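The values are calculated or read from the model by the stated rules, or taken from the named source; none is laboratory data. Remember, predicted model here, so these are calculated numbers, not experimental data. Ideal geometry is used to build each Cβ from the backbone, glycine not excepted, and the neighbour counts take in all protein chains shown. For the accessible areas, the whole protein counts, side chains as well, though only heavy atoms, and no ligand, DNA or RNA atoms are used. Shrake-Rupley method; radii C 1.70, N 1.55, O 1.52, S 1.80 Å.
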Amino acid sequence: MQGFLFLLMAVIFSSGVALSMKAANSRAVDLWQFLAVNYVVCTVSLLAWGAWQTLGDNSIFIWCLGIFTGIMYVLSLWLFNKAISAEGLALSTTLMRLSAAIPTLGSLVFFSETIGFFQAMGVGLAFLCLPLAGRTPLHLGKAGKNAWKGIIWGLLLFGVYGVTDFTFKIQAELEPMADPKAFMATIFGTALVLTLPRLMGGTRLTRPCVTLGMILGITNVLATYFWIQALSRLPGAVAYPTLGLGVIAVTTLVSLIFWKEQLRPANYVFLAMACAAVFLINLNLG
């Protein structure tokens, strides 16, 4: 029962990360200052959690992997912001969760893992439904130019977030004894270094930027904490698809009801196929 409670909290706070990004996008706050405030909160929270005690134990490989992942975190959130502007929250969040197909393929190619029939179906379905993710139908030629401009941000987000997610698989396979708090502190610390110059650049911080940045940072840390707790108590076959499907459901409902986002019929087909793909990709985990 406790594991499911932690999983529920992970869904809520992971959805909070996406909703915070949407709120900042709709308020047109300075993205880099907003991200910097978020990473200040994340880094300080991790150090207070005790990450500083084991930072010195990080191997050169973990430092390099953490720095790379930190760069990819910033790039992912920048692309997420672009995708929200172009495609809306519901479709962008779904594309992020759908990118689980990439680490699955990466595990197959680089770590010689085998995937079951249902996982293979999920990966195929993930790529098959991508053309339906655009707010407007895709056409060749000048008539479809704006539609391609819109969906390209979502497709880039799909690729970059999938690669970012795969770095945790690399860490688990090659440095399984690395302290997760120290690894996360390296990631968030790198992201902070990249965004801090904008925060210190003399541009006046606005109240919405600080407030939303702090909310994003708090939801980031809590989502990670509750996810770690859920994984330690529940099988992956339950936890992974529940998190993915839960976040898609929450963000889609909120975006449709609160922000009045409009989806065309093909987008609903995309959402249904994406949910099925996320479930199938994680079906054999455990």
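Any idea which of Thr224, Thr219, Thr211 is assigned to a helix (DSSP H, G or I), open to solvent by less than 60 Å² (accessible area, probe 1.4 Å), at pLDDT 90 or above and not hydrophobic (A, V, I, L, M, F, W, C)?
Sole residue among the options that is assigned to a helix (DSSP H, G or I), open to solvent by less than 60 Å² (accessible area, probe 1.4 Å), at pLDDT 90 or above and not hydrophobic (A, V, I, L, M, F, W, C): Thr219.
When you scan the stretch 85-139 for helices (runs of 4 or more DSSP H) that lie fully inside it, which ones turn up with 2 or more residues that are over 21 Å from Ser15 (Cα atoms) and open to solvent by less than 30 Å² (accessible area, probe 1.4 Å)?
101-110, 117-128
Criterion first (of a type in the set (A, V, I, L, M), out of contact with any helix residue (DSSP H, G or I) (no Cβ under 7 Å at 6 or more places or on another chain) and either within 23 Å of Pro241 (Cα to Cα) or without any contact (Cβ under 8 Å) to a residue 40 or more places away in the chain (or both)) does Ala10 satisfy it?
no
Looking at Lys22, Lys82, can you tell me which residue is basic (Lys, Arg) and either within 16 Å of Ala223 (Cβ to Cβ) or not in a helix (DSSP H, G or I) (or both)?
Lys22
Could you tell me whether Val40 is among the hydrophobic types (A, V, I, L, M, F, W, C) and buried (at least 20 other Cβ atoms within 10 Å of the Cβ)?
So Val40 does not fit the description; no.
Please go through the stretch 39-89 and give me each residue that is touching a Gly at 6+ places or on another chain (Cβ under 6 Å) and over 29 Å from Leu263 (Cα atoms), ordered by number.
Result: Val41, Cys42, Thr43.
For the stretch 41-92, name all the residues that are free of Cβ contacts under 8 Å to residues at least 12 places away in the same chain and under 11 Å from Thr186 (Cβ atoms).
Answer for the stretch 41-92, where residues must be free of Cβ contacts under 8 Å to residues at least 12 places away in the same chain and under 11 Å from Thr186 (Cβ atoms): just Cys64.
Which number in (1) of a type outside the set (Lys, Arg); (2) at pLDDT below 90; (3) open to solvent by 20 Å² or more (accessible area, probe 1.4 Å) marks the one condition that Val269 misses?
(2)
May I ask you to say which residue of Tyr240, Tyr161 is open to solvent by 30 Å² or more (accessible area, probe 1.4 Å), part of a helix (DSSP H, G or I), hydroxyl-bearing (Ser, Thr, Tyr) and out of contact with any Ser or Thr (no Cβ under 9 Å at 6 or more places or on another chain)?
Tyr240
Criterion first (under 25 Å from Ile281 (Cβ atoms) and either open to solvent by 10 Å² or more (accessible area, probe 1.4 Å) or at pLDDT 95 or above (or both)) does Phe61 satisfy it?
Considered against the rule, which asks whether it is under 25 Å from Ile281 (Cβ atoms) and either open to solvent by 10 Å² or more (accessible area, probe 1.4 Å) or at pLDDT 95 or above (or both), Phe61 comes out as no.
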